[in-house]
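Notes for the one structure printed next.
The values are calculated or read from the model by the stated rules, or taken from the named source; none is laboratory data. Keep in mind it's a predicted model, so treat the numbers as computed, not measured. Using ideal geometry, Cβ is built from the backbone for each residue, glycine included, and neighbour counts are taken over all protein chains shown. The area values use the complete protein model at the heavy-atom level, side chains included, leaving out ligands, DNA and RNA. Shrake-Rupley method; radii C 1.70, N 1.55, O 1.52, S 1.80 Å.
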Amino acid sequence: MVITFYEDRNFGGRSYDCSSDCSDLSSYLSHCYSCRVHSGCFMLYDRPNYMGNQYFVKRGEYPDCMSMGMSDWFRSCRMIPMVNSLTVGSYRMRIYERENFGGQMMKMMDGSLPLMTDDCDSFMDRYRWSNCMSCHAMDGHWLMYEQPHYRGRMRYFWPGEYRSFDGMKFMSMRRIMDSWY
């Protein structure tokens, strides 16, 4: 998994190749306005130490961070582990309509288990929920979005409990699949 950051837009200026998490890209470049993902998937952040708005990137070219909706430049990045070695059925998540696992819990389509195992482009359309405010990612890696149809600001979730989203409310989610690599 390799990503190359460039100081200028359109892959100009000095560059830095990165193949792991980096909490502060300014240690290597004065600023980062564009990048190329050679392999793997990464989350990019507009603040150091994996803070601020998050931006998911997969294999491809990103000539201008402003076109991705960033107000500034890339400040830190986190590598998303390869998931293709995981077994089938290794994407499981419980999501709740309120903070601290409160309110209703989202269920699978068949209603047999209280687990979310597939993508959902709109919590409102599928479950009549206006948002999701806490979750327990049991397996797999996930992206949640503020708006339906995978739009708006996003947040990356890996296995763990998330009792609060710091004021964010989510309305759609999808799995990060090995086919994205």
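Having 3 or more residues that are farther than 13 Å from residue 4 by Cα is the bar; report the strands (runs of 3 or more DSSP E) wholly within the stretch 21-85 that clear it.
Numbers: elements: 34-39, 41-47, 51-57, 60-62, 76-80.
Passing ranges, in order: 41-47, 51-57.
Which of the residues belonging to the stretch 19-54 are closer than 17 Å to residue 65 by Cα and in contact (Cβ under 8 Å) with a residue 40 or more places away in the chain?
Passing the criteria: 24, 25, 26, 31, 32, 33, 41, 42, 43, 53, 54.
Considering each residue of the stretch 1-18, count those that are open to solvent by 70 Å² or more (accessible area, probe 1.4 Å), in contact with an Asp or Glu (Cβ under 6 Å, 6 or more places away or on another chain) and touching a residue at least 24 places away in the same chain (Cβ under 8 Å), and give that number.
So the answer is 1.
Would you please name the residue that is modelled with the lowest pLDDT, looking only at residues in the stretch 75-95 that are in contact with a His (Cβ under 9 Å, 6 or more places away or on another chain) and closer than 12 Å to residue 177 by Cα?
Top of the filtered list is 83.
Name the single residue, out of those in the stretch 104-120 being surrounded by 15 or more Cβ atoms within 10 Å (Cβ to Cβ) and not hydrophobic (A, V, I, L, M, F, W, C), that is modelled with the lowest pLDDT.
My answer is 107.
Could you say whether any residue in the stretch 62-79 is more than 17 Å from residue 143 (Cβ to Cβ), open to solvent by less than 60 Å² (accessible area, probe 1.4 Å) and hydroxyl-bearing (Ser, Thr, Tyr)?
Yes.
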